[in-house]
Amino acid sequence: MEKKYNPKSFEDKLYREWEESGCFKAVRDDKKVPFTVMMPPPNITGQLHMGHAMDETLQDTIVRFKRMQGYCTLWLPGTDHASIATELKIVEDMKKEGLTKADVGREGFLERAWKWKEKYAGRICDQLRKLGSSCDWSRLTFTMDEKCSKAVREVFVNLYKKGLIYRGDRIINWCPCCKTALSDAEVEYAEESGNFWHIKYFVEGENFFLEVATTRPETLFGDTAVAVNPKDKRYKHLIGKNVILPVVNKLIPIVGDEHADMEFGTGVVKITPAHDPNDFEVGLRHNLPVVRIMNDDGTMNEGAGKYCGLDRYECRKQLVKDLEESGLLVKVQPHTHNVGHCYRCGSTVEPIVSKQWFVKMEPLARPAIDAVMDKKVTFVPERFAKTYYNWMENVKDWCISRQLWWGHRIPVWYCEDCGKEICEKQDPAVCPECGSSKLKQDEDVLDTWFSSALWPFSTLGYPDDTPDLEYFYPTDVLVTGYDIIFFWVARMIFSGLEHMRKVPFRDVLMHGLVRDEKGRKMSKSLGNGVDPLDVIDKYGADSLRFSLLQGVAPGNDTRYSDAKVEACSNFMNKIWNASRFVIGNAEGRKVKPLSEVKLCAADKWIISKLQSVIRDVTLTLNKFELGVACQILYDFTWSDFCDWYIELSKPALYGEDEGKKDAALSVLTFVLENTLKLLHPFVPFITDEIYRELPGASGTIMLKDYPRYNSRLTYKKDAQAFEGVMDIIKAVRAAKTELGCPPSKKVSLLILTESKRLISANRESILKLAGAKDITFINDGAEAGEKSVAKVLHIGTVFIPMGELVDIDKERERLSSELEKVTDEIRRADGKLNNQGFMSKAPKKLIDDERAKLDKYIAMREKILEQLKSL
RNA sequence: GGGGGCAUAGCUCAGUUGGUCAGAGCGCUUGCUUGACAUGCAAGAGGUCACAGGUUCAAGUCCCGUUGUUCCCACCA
């Protein structure tokens, strides 16, 4: 083994080997239980960020764990075409060449898009490899692959025929920059400071006016009424009359509608059905005309008269000026309000009436809610179910058409002769109505999330009845960030139920965001993003992985910090060196199996510790508590195995007794091998690299059985007794430090104890680890003499003659404080045991433990008192 | 307006069926070339687990309230 832990020297090599030998491949096996995870397909917009790294690491860890446990694991990788996001990128890219979409045309554009896909999807897959992702590359899927497109077509047509997809004029969110409709989920709201412009709307034939407050004065051209509350005494007599629309000088009616809030503003609200969702509803109730006054690019249309062609904000500016000049502006009030922005480009979205395709949500939402209620799908942590219900219960119809080119084209054709709308699984050649061959396909594409929603089954071959689908669906766990519950998780659930009649996954493990060191979101604009590849380059993938898991609780955000990765890298180094120690010592010797050696107390102690680690790690992993599992392994490896057991094994290893040497070596090897296996799902590279060096090991660790708890290896009594030996070592070390005794100076130990055999058996270990030169058993504390320090322990009292270093007063002080501590413990235990309620209600084991503790402490108190007396 | 999260050592955070639960990493103090590792070893200092109640034999751990902070959803023109 190399002297230094150097991840670069083996990570890529190992990954290639795994991949080439087919370790990641999921081969259906009816004798095995399947375990399926669908990778949330990263967008092909660029490269992976820290959030992805965490997402993939979580999945990989779970998948590797299950694979080692003997499941037939499928982790299916893929990438997402990310319709709008990618299209934006490509448009940006073309701009550099001075080209626009119009210049290259639909065909030309798609050609570029596919080239883009080849480049970026490939790059993303390489990054996934760097992270160590053990996904089945043979099943790599792209959301616009043939099979996904087929699924999309199937689903669209089915929903269409069921009447769950319809086309209509509705208010949708329009991004004037991307020039497409957006779904509600794709709009992000942000507080912005704006104004309330109070405008005079004169009542027809009167010389008074209604004061109307608006935040978007330019929409005035689309006003087709003003509304007042029918209960509003100030205005209700005016209902039915008309007002004169300022500037336009058109008459529009005053309607009575509950929508007008008497308490808010002036109580009069202008109604612009074409440009406001609420107004649209009002318009429907009062049968008002819908007048669109804006173009797709955010400029004003002919409806705006002389302002036609102006950008919406320029129009606002000029209109306000004109209103002011003509005395129609009452006042301007500063006002902060929430403004919707496109989640891709950040432009302010405009609510606009437009003819779009929608999925009717109500019939789909109900079963999806029930599935979670009935625990067919479980959110981890549970609280996210609430978020899900909240959204599902209030969800509006889903706008799925996008005025883009990159994506699944809507499979609807229109007959140019008779106007017939055709939606079939096969492309129509002629109109079934009139036989005309002049058919034109809908120009729009589908929302990216429409295909993502089908991911758990489209990847497995739906709508065909494939063996994969039969075997691997429903999937087991979906791992993703809480930020896409609405976009994706919810939509997969109702889609799975609707099209497969089964939920798409049983558990949803949510994780939070990876923030920067200061707790800020990582973002391009802040420039605070950390590239996972840079980190891997510097520290290795294992260190990055471990740092992303350690101390992270499900659903919680976490902070990335170099310091943390460094700490993890130190841990890797620790594993490396401990292994080097074990392997080095095994060199040239035959390592015997555990059953053929005589185990000493320390051996039994570490072996039973290992058993409890196996039990706890398995338990926590099954509950998706990866952060806790990491901690357990970290502590065990570093503290128990390295700091204690390896040190304890040295006397035997360097001694003359071949039997002891054999035992130590076989225990070291046994524990190391198991530890590596336990760690492998978290840190796959280093564990496999070391595993291959292990005496007797062959093949890759990733296909070995995960350690199983073995109750025959718990040695409970011996292990517990051995902790008494460790107490002695700790006490002597502490005493030496307290008295300023140099560590190199060996001390003598006089021990008053009833556990002479145990201590004798571990004499060498105590001498070495405590820095002592000899041990003498005594029968009376007086034998130790005055110039010694007494450490009263459960196992007995240890006297350390320190000569002139001993200060009697300080020693008395120290013992007194120990006495106080012990007395406190006695008081506490005594109190509990005398508590009627505790005695009658607490579990028996607890009472017994408490009683045993009390006895121990009472004995200790006696010894301390004795010792104090003798000073 | 509605719903969450968080508040534990100087800093970043674990602590999931209430019972050694007061922890880890980093930082800090002291001392160590202890035959795997100074990416290390040993010994320490440091917290009334936000505040105020309640349930319980027993509460960082469950319930109610308060304060601070943060996120999501809805949205009044």
(message) Between A:Thr378 and A:Arg16, what is the label-point separation in nm under the 7 Å Cα-to-beta-carbon projection?
(response) 4.3
(message) Using the basic label-point model (7 angstrom from Cα toward the beta carbon), what is the A:Glu658 to A:Lys4 distance in nanometres?
(response) 4.0
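Explain nothing, just the number: relative contact order of the stretch A:216-285, from Cα pairs under 8 Å at least 6 residues apart, as a whole percent. Let's see the in-between values first.
Details: 125 pairs, mean separation 25.3, N = 70.
The value is 36 percent.
Taking the Cβ of A:Thr797 as the centre, find all other residues whose Cβ is under 10 Å away and add up their charges (Lys, Arg: +1; Asp, Glu: -1). Mind dumping the intermediate values first?
On the way: positive: A:Lys791, A:Lys863; negative: A:Glu866.
Local charge sum for A:Thr797: +1.
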(message) Defining a contact as two alpha carbons under 8 Å apart and six or more residues distant in sequence, what relative contact order in percent does chain A show?
(response) 12
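Run the numbers for A:Arg757 and A:Ala553: contour at 0.36 nm per residue of separation, minus the present Cα-Cα distance, in nm. All intermediate terms of the calculation are to be shown ahead of the outcome.
Values: separation 204, 0.36 × 204 = 73.44 nm, distance 4.55 nm.
68.9 nm is the gain from fully extending A:Arg757 to A:Ala553.
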(message) Can you tell me which lysines have their Cα less than 17 Å from the Cα of A:Lys745? Leave out same-chain residues fewer than eight positions away.
(response) A:Lys730, A:Lys736, A:Lys768, A:Lys773, A:Lys787
(message) Quick check: from the Cα gyration tensor, does the stretch A:755-851 come out rounded (a/c under 1.5), prolate or oblate?
(response) oblate
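Probe radius 1.4 Å, ligands and nucleic acids ignored: give me the carbon and sulfur share of the accessible area of chain A as a rounded percent. Before the final figure, lay out each step's value.
Values: 18940 of 38950 Å².
Within chain A, the accessible surface is 49 percent carbon and sulfur.
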(message) Tell me the angle of helix A:562-586 to the major Cα principal axis of chain A, expressed in degrees between 0 and 90 and rounded to the nearest ten.
(response) 40
(request) Compute the separation of the alpha-carbon centres of the stretch A:690-728 and the stretch A:1-70 and state it in Å as a whole number. (result) 25
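Suppose only helical runs count, i.e. DSSP H with n ≥ 4. What mean residue ellipticity at 222 nm does that imply for chain A under -39500 (n - 2.57) per run, divided by all residues and rounded to the nearest 500 deg cm²/dmol? Provide the component values of the computation, followed by the final result.
Details: 27 runs with 365 residues, N = 871.
Roughly -13500 deg cm²/dmol at 222 nm, from the helical runs in chain A.
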(message) I need the chymotrypsin sites (Phe, Trp or Tyr not before Pro) found in the stretch A:151-213, filtered to DSSP loop residues with at most 13 other beta carbons within 10 Å of theirs.
(response) A:Phe208
(message) With the crude spin-label approximation of a point 7 Å out along Cα→Cβ, what separation in nm comes out for A:Glu693 versus A:Asp184?
(response) 5.9
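Grab the beta carbon distance between A:Tyr414 and A:Lys592, set R0 = 51 Å, and tell me the FRET efficiency rounded to 0.05.
0.05
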(request) Could you let me know the centre-to-centre spacing of the stretch A:101-179 and the stretch A:191-232, using Cα atoms, in angstrom? (result) 43
(request) Take the alpha-carbon centre of the stretch A:625-654, take the same for the stretch A:766-816, and report the distance between them in whole Å. (result) 29
(request) Can you tell me the 0 to 90 degree angle between the C-alpha axis of helix A:362-373 and the longest principal axis of chain A, rounded to 10? (result) 10
(message) With angles folded into 0 to 90 degrees, how steeply does helix A:716-738 sit against the dominant principal axis of chain A? Use alpha carbons for both and round to 10.
(response) 80
(message) Taking 26 Å as the cut-off for C-alpha to C-alpha distance, list the pairs among A:Lys179/A:Lys306; A:Lys8/A:Lys524; A:Lys89/A:Lys518; A:Lys660/A:Lys717; A:Lys66/A:Lys661 that go past it.
(response) A:Lys8/A:Lys524; A:Lys89/A:Lys518; A:Lys66/A:Lys661
(message) If each residue of separation counts as 0.36 nm, what is the full-extension length gain between A:Asn338 and A:Ala563 once their alpha-carbon separation is subtracted?
(response) 77.1 nm
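Applying 1/(1 + (r/R0)^6) with R0 = 35 Å to the Cβ-Cβ distance of A:Ile239 and A:Gln318, what FRET efficiency is obtained, to the nearest 0.05? Walk me through the intermediate numbers first.
Numbers: r = 33 Å, r/R0 = 0.93.
Efficiency at R0 = 35 Å is approximately 0.60.
Take the alpha carbon gyration tensor of the stretch A:480-629, find the square roots of its eigenvalues, order them as a ≥ b ≥ c, and report rounded if a/c is under 1.5; if not, report prolate when a/b exceeds b/c, else oblate.
Working: a/c = 2.97, a/b = 1.55, b/c = 1.91.
It comes out oblate by the Cα gyration axes.
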(request) Go through A:Lys233/A:Lys396; A:Lys162/A:Lys420; A:Lys231/A:Lys360 and tell me which ones have a Cα-Cα distance over 24 Å in this structure. (result) A:Lys233/A:Lys396; A:Lys231/A:Lys360
(message) Let me make sure I get this right: for the stretch A:432-521, a, b and c are the square roots of the gyration tensor eigenvalues over alpha carbons, sorted descending. Under 1.5 in a/c it's rounded, otherwise prolate if a/b > b/c, else oblate. Which is it?
(response) oblate
(message) Leaving out ligands and nucleic acids, and using a 1.4 Å probe, what accessible area per residue does chain A come to in Å²?
(response) 45
(request) Report the FRET efficiency, 1/(1 + (r/R0)^6), for A:Asp774 and A:Glu738, where r is their Cβ-Cβ distance and R0 is 22 Å, rounded to 0.05. (result) 0.55
(message) Taking 0.36 nm per residue of sequence separation and subtracting the Cα-Cα distance, how much length would be gained by fully extending the chain between A:Glu517 and A:Cys642, in nm to one decimal?
(response) 41.9 nm
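The values are calculated or read from the model by the stated rules, or taken from the named source; none is laboratory data. All values reported here derive from a predicted model rather than from experimental measurement. Positions of Cβ are generated from backbone atoms using ideal geometry, with glycine treated the same way; all protein chains shown enter the neighbour counts. Surface accessibility is based on the protein's heavy atoms, side chains included, excluding ligands, DNA and RNA. Shrake-Rupley method; radii C 1.70, N 1.55, O 1.52, S 1.80 Å.
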